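The values are calculated or read from the model by the stated rules, or taken from the named source; none is laboratory data. What you see is a predicted model, and the numbers here were worked out from it, not measured in a lab. Neighbour counts run over all protein chains shown; Cβ positions are idealised from the backbone, glycine included. With ligands, DNA and RNA removed, areas are computed over all heavy atoms of the protein, side chains included. Shrake-Rupley method; radii C 1.70, N 1.55, O 1.52, S 1.80 Å.
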Amino acid sequence: MLIEEPPPGEERDAAYAADRDSDGYVWNVTRLWGWRADVYRDFAALRDSLMGSSSLTDRDWAVLVTATASQLGDSYCSLAWGAKLARLTDAETAAQLIANEPAPALSEREQMLAAW
């Protein structure tokens, strides 16, 4: 890792534990946010509030973020969100979306979200 490990702290340790519980390891992005766990906490609360007030489903969010990250050339987010999308759809659909190829398993609405 290019950045040193952040010092232990209650919020950092809780974020690490949440990653380990949900994914089995600590994400690099979580390690990065560990340097400013307070800012991450506030950002996550804002993001959760915005996402929670939306009518978009988890699958919709995965389609949107995977497609957007892929188009921006962000391999980290493409693969991270692509993995979430693969759990909600299948690996082939996620790979198609990352590669900007037609993904026939997506609904018409989801295809529009990806194109948007």
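So in region 2-26, with the set limited to residues that are open to solvent by less than 90 Å² (accessible area, probe 1.4 Å) and aliphatic (A, V, I, L, M), which one is modelled with the lowest pLDDT?
The residue in question is Ile3.
With the requirement that a residue be aliphatic (A, V, I, L, M) and either farther than 17 Å from Arg41 by Cα or in contact (Cβ under 8 Å) with a residue 24 or more places away in the chain (or both), what does region 1-26 give you?
Matches in region 1-26: Met1, Leu2, Ile3, Ala15.
Regarding region 49-56, can at least one residue be identified that is at pLDDT below 90, among the aliphatic types (A, V, I, L, M) and not in a helix (DSSP H, G or I)?
no
Going through Leu85, Leu79, Leu64, Leu56 one at a time, which residue ends up being under 18 Å from Asp23 (Cβ atoms), of a type outside the set (D, E, K, R) and open to solvent by less than 80 Å² (accessible area, probe 1.4 Å)?
Sole residue among the options that is under 18 Å from Asp23 (Cβ atoms), of a type outside the set (D, E, K, R) and open to solvent by less than 80 Å² (accessible area, probe 1.4 Å): Leu85.
List the residue pairs whose Cβ atoms are under 6 Å apart, where the first residue sits in region 57-77 and is farther than 16 Å from Ala115 by Cβ, the second is open to solvent by 70 Å² or more (accessible area, probe 1.4 Å) and not hydrophobic (A, V, I, L, M, F, W, C), and the two are 6 or more positions apart or on different chains.
Once the first residue is farther than 16 Å from Ala115 by Cβ and sits in region 57-77, no partner that is open to solvent by 70 Å² or more (accessible area, probe 1.4 Å) and not hydrophobic (A, V, I, L, M, F, W, C) comes close enough.
From the list Leu32, Leu56, which one is more than 13 Å from the chain's Cα centre (by Cα) and within 21 Å of Ser107 (Cβ to Cβ)?
The conditions single out Leu56.
Can you find even one residue in region 27-46 that is under 21 Å from Leu79 (Cα atoms) and either in contact with a Cys (Cβ under 7 Å, 6 or more places away or on another chain) or exposed (fewer than 11 other Cβ atoms within 10 Å of the Cβ) (or both)?
no
Consider region 88-116. How many of its residues are exposed (fewer than 15 other Cβ atoms within 10 Å of the Cβ) and polar (S, T, N, Q)?
Looking only at that region, the number is 2.
Identify the single condition in (1) part of a loop (DSSP other than H, G, I, E, B); (2) of a type outside the set (Lys, Arg); (3) free of Cβ contacts under 8 Å to residues at least 40 places away in the same chain that Leu106 does not satisfy, given that it satisfies every other one.
(3)
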